[in-house]
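Asks: Okay, here's the structure, questions in a sec.
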Amino acid sequence: MAQHLELGRAGEALAKAHLENAGYEILDENWTHGKAEIDLIAYKDKVIIFTEVKTRTGTAFGQPEDFVDARKQKLLADAADEYIYLMDHKGDVRFDIVAILFDRDKNYILNHIEDAFWPSGT
């Protein structure tokens, strides 16, 4: 398996464990709609949280969360709209980012950014 895929899976597992330990219920993992994939869909306090996980091994090109650009936000919003429709959710929603930065020794820093963005048009 490609190294970047392994890194991504490790990051998603850490993010899932972090959310569960913080009292979130995980509703779905790697949920897809069209060209978009939502890494984790969680639920807490009557809010559905659409979570993008970004995992990196360095910051030469920016922090992991910097890679959730406007295009990615639009894809996530479109997929979230479909999920909300399918689940007939009438409550609040939120978009979070869990950014994970590994060092060479496999130590990591996890940064959970709540309400990280609100895609335009949503």
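Asks: Over 14 Å from the mean Cα position of the chain (by Cα) and without any contact (Cβ under 8 Å) to a residue 60 or more places away in the chain: which single residue out of Arg71, Arg94 fits that description?
Replies: The unique qualifying residue is Arg71.
Asks: Kindly establish whether Glu37 is in a strand (DSSP E or B), of a type in the set (D, E, K, R) and buried (at least 16 other Cβ atoms within 10 Å of the Cβ).
Replies: no
Asks: Among the residues of the stretch 102-119 satisfying the criterion of being within 14 Å of His18 (Cα to Cα) and among the aliphatic types (A, V, I, L, M), which is surrounded by the fewest Cβ atoms within 10 Å (Cβ to Cβ)?
Replies: For the stretch 102-119, the residue satisfying everything is Ile109.
Asks: For the stretch 71-101, how many residues meet the condition of being of a type outside the set (Phe, Trp, Tyr), surrounded by 11 or more Cβ atoms within 10 Å (Cβ to Cβ) and not in a helix (DSSP H, G or I)?
Replies: Selection size over the stretch 71-101: 9.
Asks: Is there any pair linking a residue in the stretch 10-28 that is assigned to a loop (DSSP other than H, G, I, E, B) to one that is β-branched (Val, Ile, Thr) and buried (at least 16 other Cβ atoms within 10 Å of the Cβ), with Cβ under 9 Å and at least six apart or on different chains, and which?
Replies: Listed by first residue and then by second, the contacts come to Tyr24/Ile49; Tyr24/Thr51.
Asks: Can I ask one more? Would it be correct to say that Gly58 is at pLDDT below 95 and either in contact with a Ser or Thr (Cβ under 9 Å, 6 or more places away or on another chain) or not aliphatic (A, V, I, L, M) (or both)?
Replies: Yes; evaluated as a whole, the condition is true for this residue.
The values are calculated or read from the model by the stated rules, or taken from the named source; none is laboratory data. Owing to the predicted nature of the structure, the values given are computational and were not obtained by experimental measurement. Cβ atoms come from the backbone with ideal geometry, glycine included; neighbour counts cover every protein chain shown.
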